[in-house]
Amino acid sequence: MSAPVGGPGPGGKPGGRHTGTGTGTGTQAGTFTLSSGAFTLPGALPGRLREVDAHLSGERARAVDAEELAAFLEADGLGDETLRDRYGVAGLFDAAETLYRQRGTGRDLNKRAALPTPPFPWAMLLRGPLYLLPGVTGLLAARQLGTGASEAFVFAAAFGWGWTMLVAGVRYAEPLAVPGRALRLTLLLSVVLGTLGGALISGLLVGWGAAGTGALLGGAVSLATGAASVLLALNLPGQFAGAFATPLLAAGIVYMLPSLAGARVVLVLLGLVPLLTTLNATRKPGTLAASWRTLRPHVPAAAYGWAMAGAFVALTARLGAWALLPVVLSAGLLEAGVWHAQERLQHAARASLNLGELRRRGLPTVLAVTAGYGLALAAGLLLLRGVLPPAWQPAPNTLLSVPPFGAALLLSAWLHNQRRTPLLTLVWVLCAAALVLPLGLSPPAIAWAALLALLPPTLFALQDPRSYR
């Protein structure tokens with residue numbers, strides 16, 4: 001099935017990279033200044049008001065209160081009408097109070113900023129089930145295609161996990177516009193690589209007579225996953241659902257009335273309908289070129305995604321589908337958790353008086369979100385155990401393995417936003433190897449080892465003020 005984005009937020013930012021993805025949060029964070037041992041945290045200002053702030057920095061440092069700063073503004077010819085029309089504030093005293101509240105200078109230095117706590121982005125939870133649509137459609141079709149189909153499907157799903165990371169990186173390389181040319185290039189490469197990979201995997205594992213089936217399935221599922229990645233990166237969930245509704249309906253009909261020709265029609269629809277939707281969404285060419293030079297910086301993110309996919313494919317081989325299904329269904333919760341953790345860190349940066357206080361706030365924030373996601377997975381699995389018939393019950397070690405693996409996945413997504421990608425790739429490669437090789441290690445032991453391995457880099461990242469942007 002289609003795999004979740006490793007990063008948070010609409011389109012993976014937080015669904016992607018916090019560069020100040022938000023990774024797409026849209027919140028203007030303060031700037032960290034470390035000079036001569038001083039640590040200042042200027043607050044957020046509307047963009048046009050920054051030039052006024054820079055011009056009046058000396059007066060702001062000496063101002064006793066907001067009224068005195070208002071007098072300085074008025075003396076400079078900045079009255080109510082000018083401030084409203086040119087700088088987008090409510091008026092003279094609103095601008096004066098906003099400037100006076102800035103952190104790091106003036107008599108307001110030792111006053112703690114009163115800022116509202118950012119709410120949890122519950123709307124992002126709907127993204128999780130969307131990730132299932134291309135995977136479920138491809139899986140229902142694969143059941144009718146015979147030998148070689150399941151191997152090609154597993155390859156295409158794992159390939160899509162990493163490709164989603166690359167697509168998110170390309171999209172946020174041009175955050176203020178739609179990089180249509182570059183995103184269309186990712187679609188072309190997804191179908192080419194998926195077709196070749198599906199044929200190769202089926203041929204090597206089953207026999208070269210199954211290479212045609214593997215090529216068809218691998219190409220269709222990879223193209224669908226590539227299109228899904230683009231639509232979610234552009235934050236178009238409605239168009240996403242519409243693009244996969246027809247292929248999913250056709251797959252349901254084929255499931256109830258098995259037919260080889262019907263399964264092939266499903267795969268054509270699975271590739272074609274999302275492709276047309278995505279081509280329509282990427283009409284604007286953007287400034288990024290459709291070239292290898294554009295994609296190359298994001299290949300490490302794809303490799304990181306493929307390492308994660310390999311680990312979860314290996315875990316699924318040992319524990320069954322219930323090792324992966326809860327993670328995919330809760331992908332929206334994972335993205336929301338990463339997004340919310342970063343927003344809380346930004347909130348702490350604007351409210352803290354010094355670096356030590358900021359660090360004391362940062363660690364509990366990230367760990368609480370991580371623990372919350374792990375507990376949510378555990379609660380979901382316990383609920384399933386209570387309602388599913390015995391034949392559908394998860395394997396015994398699933399409850400002990402999936403929650404810590406999920407918590408590690410969330411920590412990994414947050415660390416990816418902090419540019420710790422090479423280390424994360426190594427951790428997930430080692431997890432996949434430990435699950436595949438006959439080392440005598442149980443899945444719960446490997447899951448907890450992965451989670452513990454990510455704690456030191458998390459602590460180290462939280463010492464860096466740039467992690468609070």
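Once the piece of chain linking residue 174 and residue 93 is laid out straight, how much longer is it, given 0.36 nm per residue of separation minus the C-alpha distance between them?
Numbers: separation 81, 0.36 × 81 = 29.16 nm, distance 3.69 nm.
Length difference between fully extended and current span is 25.5 nm.
If contacts are Cα pairs under 8 angstrom and at least 6 residues apart, what is the relative contact order of region 328-468 in percent? Walk me through the numbers on the way to the answer.
Values: 111 pairs, mean separation 39.6, N = 141.
Across region 328-468, relative contact order equals 28 percent.
So, in nm, how far is label residue 74 from label residue 122 when the simple model puts each one 7 Å beyond its Cα toward the Cβ?
Label at residue 74, label at residue 122, 4.6 nm between them.
To make sure I understand, if each residue's beta carbon is the centre and we count other beta carbons within 10 Å, what order do 208, 306 fall in, fewest to most? Before the final figure, lay out each step's value.
Numbers: 208 13, 306 23.
Ranking 208, 306 by Cβ neighbours within 10 Å, fewest first, gives 208, 306.
If you find the alpha carbon centre of region 398-445 and of region 190-209, how far apart are they in angstrom?
27
Could you run the Karplus curve 6.51 cos²θ - 1.76 cosθ + 1.60 with θ = phi - 60° over region 141-149 and give me ³J(HN,Hα) per residue in whole Hz, x for Gly and Pro?
Once θ is set to phi - 60°, the couplings for region 141-149 become 6, 4, 4, 9, 9, x, 5, x, 6 Hz.
Explain nothing, just the number: relative contact order of region 124-298, from Cα pairs under 8 Å at least 6 residues apart, as a whole percent. Mind dumping the intermediate values first?
Values: 298 pairs, mean separation 59.1, N = 175.
Once divided by the residue count of region 124-298, the mean separation gives 34 percent.
Magnitude of the Cβ-charge dipole of region 335-382, K/R +1 and D/E -1, about the Cα centre, nearest 20 debye?
Numbers: 5 positive and 3 negative charges, 42 e Å.
The calculated dipole for region 335-382 is roughly 200 debye.
Work out the length of the dipole vector of region 324-449 about its Cα centre, built from +1 on the beta-carbon of each Lys and Arg and -1 on the beta-carbon of each Asp and Glu, and round it to the nearest 20 debye. Kindly include the intermediate steps, with their values, before the conclusion.
Details: 8 positive and 3 negative charges, 66 e Å.
The calculation lands at about 320 debye.
Every number here is computed from the coordinates shown, using simple stated rules; none is lab data. Here the structure is a predicted model, which is why all the values come from computation and not from measurement. All Cβ positions, even for glycine, are placed from backbone atoms using ideal geometry, and neighbour counts span all protein chains on display.
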